[in-house]
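Computed from the coordinates by the stated procedures, all read-outs in this text should not be read as laboratory data. The structure presented is a predicted model; accordingly, all values stated were derived computationally and were not measured. Note that each Cβ is placed from the backbone with ideal geometry, even for glycine, and that neighbours are counted across all protein chains shown.
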Amino acid sequence: MADTTGGASRIAGPGILARGDGASMAYHRVEGNNPGVVFLHGYRSDMDGGKALALEEFCRRTGRAFLRFDLYGHGKSSGAVEDGTIGRWADDAEAALTELTEGPQILVGSSLGGWIATLAALRMRHRIAGLVGIAAAPDFTEDLMWGEFTPEQKRQMLEQGHVVLENCYEPENPWTIPRRLIDEGRNHLLLRDAVNLNCPVRLIQGQKDADVPWQTALRLADCLTSADVEVTLVKDGDHRLSRDEDLARMVRVVEQLAG
């Protein structure tokens, strides 16, 4: 559920948003017209990936407001990713929207960011002009982690409080998945009931995604109460969806929503 596309920001250093519990959240912001665009990155990724920078370039070119930020434990924000939870990351997104943006916003979430963007949109419906999911991964802690763990991995999780998973992106850096991520994630599952959002929603999903089944996009579309939902299936697209043509497609979708 990671979005590990590389990329370097053209901005010397990030802004820092202090959080109430002593944590700090790093961000980059571009002033401009609304609706603004807010990018939410994937699990164990950060705000400097190719999709974030492509959206920033689009917003700079068109004079549109833009925000990207690192969730708790990711990138330049404080904390360890192992201490993060779905609820905490949703709180980060809500704080970023409240403190760092004004007026209507289009949320663009990649993988985990698609789940977090949807949760943030549910909390702040009056501020959301549109929602774009790129290989969005709602409920992945339950369906794609716990649901796919072997009996031995489940036993380790229950007895030891964590499991270690192979990292296909960086085999030398396996992922430690804490039990709290699974347990707390159950408080934020979306695909078991209606998702009460009525804004325009666009879901882009690769059919060769090895991390998130393409059917997840259809499940999310079915749960959304909005009548304005479109799903784009990219037959040869992988989880990252970061090729030039993928980035161009994403920007076109956001541009159409922005009007």
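Summary of values
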{"quantity": "Label-point gap, in nm, between Leu189 and Thr176 - each point 7 angstrom along Cα→Cβ", "calculated": "2.7"}
{"quantity": "Spin-label pair Asp228/Tyr169, simplified geometry with 7 Å Cα→Cβ offset, distance in nm", "calculated": "3.2"}
{"quantity": "Around Asn173: net Lys/Arg minus Asp/Glu count, Cβ-Cβ under 14 Å", "calculated": "-3"}
{"quantity": "Euclidean distance of C-alpha centroids, the range 75-137 and the range 202-259, integer Å", "calculated": "17"}
{"quantity": "Ranked by how many other beta carbons lie within 10 Å on average, peptides 62-75, 163-176 from highest", "calculated": "62-75, 163-176"}
{"quantity": "Gain on full stretching of the segment that runs from Glu99 to Glu57 - 0.36 nm per residue minus C-alpha separation", "calculated": "12.9 nm"}
{"quantity": "Selected from Ala248, Ala136, Thr62, residue furthest toward positive end of dipole (the chain; charges at beta carbon)", "calculated": "Thr62"}
{"quantity": "Distant-in-sequence amide H partners of Ile128 (H built 1.01 Å from N, under 5 Å)", "calculated": "Gln105"}
{"quantity": "Fully extended contour minus Cα-Cα distance, from Asp236 to Leu218, at 0.36 nm per residue", "calculated": "4.8 nm"}
{"quantity": "Label selected from (i) 11; (ii) 18; (iii) 24, the criterion being percent of Cα pairs over 34 Å apart as computed here", "calculated": "(i)"}
{"quantity": "Glu159-His126 pseudo-label distance in nm [points 7 Å out on the Cα-to-Cβ vector]", "calculated": "5.2"}
{"quantity": "Candidate lysines for bridging to Lys51, where Cα separation is under 23 Å - those fewer than 8 sequence places away on the same chain excluded", "calculated": "Lys76, Lys208, Lys235"}
{"quantity": "For Val254, net neighbour charge (Lys/Arg +1, Asp/Glu -1) across residues whose Cβ lies under 14 Å away", "calculated": "+3"}
{"quantity": "Cβ-placed point charges (K, R +1; D, E -1), dipole of the chain about Cα centre in debye, nearest 20", "calculated": "620"}
{"quantity": "Order by protection proxy (mean Cβ within 10 Å, highest first), peptides 190-202, 130-142, 80-92", "calculated": "130-142, 80-92, 190-202"}
